[in-house]
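One structure is given here, and the rest of the page talks about it.
The values are calculated or read from the model by the stated rules, or taken from the named source; none is laboratory data. Everything numeric in this text was worked out from a predicted model, so none of it was measured. Note that we place each Cβ from the backbone using ideal geometry, even for glycine, and neighbour counts take in every protein chain shown.
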Amino acid sequence: MTSSLTGTLLGGARWAGIGALCVGYAVLAHLAAADPSPDLLDASVAMAPLVALALVLAWRSTHRHWMLLLCLAGCVALYFATAWLVQHYNWVFLLQHVGMQALLGLAFGSTLRTGQTPLVSRLAALVHAQLSPALARYTRQVTWAWTLYFSATAVASLLLFWLAPVAVWSVFANLLGLPLLILMFVAEYGARLCLLAPSERTGPLQAIRAYLQASPGPVPPAS
C-alpha cells in the first residue's frame with residue numbers, strides 16, 4: 001500500500017514537473033518572441049529546444065562520441081552566426097511550431113489511408129482486447145478530428161505570422177497552444193461519453209497510458 005502510494009505520488013510529481021516546465025517555457029518563449037528589442041537571450045530561448053533535442057539524440061546514438069562532437073561543432077557554428085540568429089530567431093520559433101503541428105497532423109493522417117489502422121484505433125486496441133464496429137468507427141472519426149486539428153493549427157500559425165504582429169502570433173503559438181490542446185482532449189472526452197457505450201469508454205488516465213505505451217509495431221486491425 002505504501003509503495004503504491006509512493007509510486008502514485010512520484011508519478012504525480014513527475015507529471016506536475018513536466019507540466020510546469022512546459023508552461024514555463026511557453027511563457028518564456030512568448031516573452032522572447034514578442035520582445036521589441038531582440039537580443040542574444042531571445043535567440044537562445046528559440047534555439048534551446050533544438051539544441052536539447054540534438055543532445056538527447058546524440059547521447060542515445062550508437063556513435064555517441066562522434067554525434068556529441070557534431071553537436072559541439074553545431075554550437076560553435078551557431079556562436080559565429082549570433083548576429084544572424086538575433087535578427088531571424090522568430091523564424092526558428094515559427095519553424096518549430098508549424099513543423100511540430102504538421103508532423104503530428106501527418107502522423108495521424110497517414111494512418112487514415114486504405115489498408116491502414118487509424119492511429120486512435122491502435123491506441124484503443126491497447127486498452128480493449130477487441131474493437132467493436134461502433135468503437136472502430138468512432139476511433140477513425142477521432143483520428144480524422146486530430147488530423148484536422150493539427151493541420152488547421154499549422155495553417156493558422158502560418159497565416160498569423162504572415163498577417164499579424166509577431167506578438168499576436170506568439171500568443172496563439174506559445175500561450176494558447178497548451179490550453180487549446182487540453183480543450184481538444186476535453187471535447188473528445190465529452191464526445192466519447194455521448195457516443196460510446198459505458199463499456200467502451202476509456203478514461204483519461206487509461207488514454208494517457210495508451211499514448212505512452214504506443215509503439216510503431218504492428219497492431220491487429222480493428223474489426
Selection from segment 141-173 of residues that are touching a helix residue (DSSP H, G or I) at 6+ places or on another chain (Cβ under 6 Å) and under 30 Å from Thr117 (Cβ atoms)
Val142, Thr143, Trp146, Thr147, Tyr149, Phe150, Ser151, Thr153, Ala154, Ser157
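Asp42: in a helix (DSSP H, G or I) and of a type in the set (D, E, K, R), yes or no?
yes
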May I ask you to verify whether Met67 is surrounded by 14 or more Cβ atoms within 10 Å (Cβ to Cβ) and more than 24 Å from Ala154 (Cα to Cα)?
yes
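Take Tyr149 and decide whether it is of a type in the set (Phe, Trp, Tyr) and under 12 Å from Gln101 (Cα atoms). Step through it out loud before you land on a result.
Details: of a type in the set (Phe, Trp, Tyr): yes; under 12 Å from Gln101 (Cα atoms): yes.
Spelling it out, Tyr149 is indeed of a type in the set (Phe, Trp, Tyr) and under 12 Å from Gln101 (Cα atoms).
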Going through segment 139-175 in order, the residues found to be in contact (Cβ under 8 Å) with a residue 40 or more places away in the chain and touching a Leu at 6+ places or on another chain (Cβ under 6 Å) are Phe150, Phe161, Trp169
Among the helices (runs of 4 or more DSSP H) lying completely within segment 114-223, list those that include at least 3 residues that are at pLDDT below 85 and farther than 30 Å from Asp35 by Cβ.
119-125, 204-213
Kindly check whether there is at least one residue in segment 132-151 that is over 23 Å from Met47 (Cα atoms), surrounded by 12 or more Cβ atoms within 10 Å (Cβ to Cβ) and among the basic types (Lys, Arg).
yes
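Residues checked against (1) of a type outside the set (A, V, I, L, M, F, W, C); (2) at pLDDT below 90; (3) surrounded by 10 or more Cβ atoms within 10 Å (Cβ to Cβ):
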| residue | (1), (2), (3) |
| --- | --- |
| Thr2 | yes, yes, no |
| Leu9 | no, yes, yes |
| Ala16 | no, yes, yes |
| Val23 | no, yes, yes |
| Ala32 | no, no, yes |
| Pro36 | yes, yes, no |
Within segment 84-121, restricting attention to residues that are in contact (Cβ under 8 Å) with a residue 40 or more places away in the chain and of a type in the set (Val, Ile, Thr), which residue is nearest to Arg201 (Cα to Cα)?
Thr117
Quickly run through segment 75-103 and pick out the residues that are farther than 18 Å from Ala29 by Cβ and either surrounded by 16 or more Cβ atoms within 10 Å (Cβ to Cβ) or touching an Asp or Glu at 6+ places or on another chain (Cβ under 8 Å) (or both).
Ala102
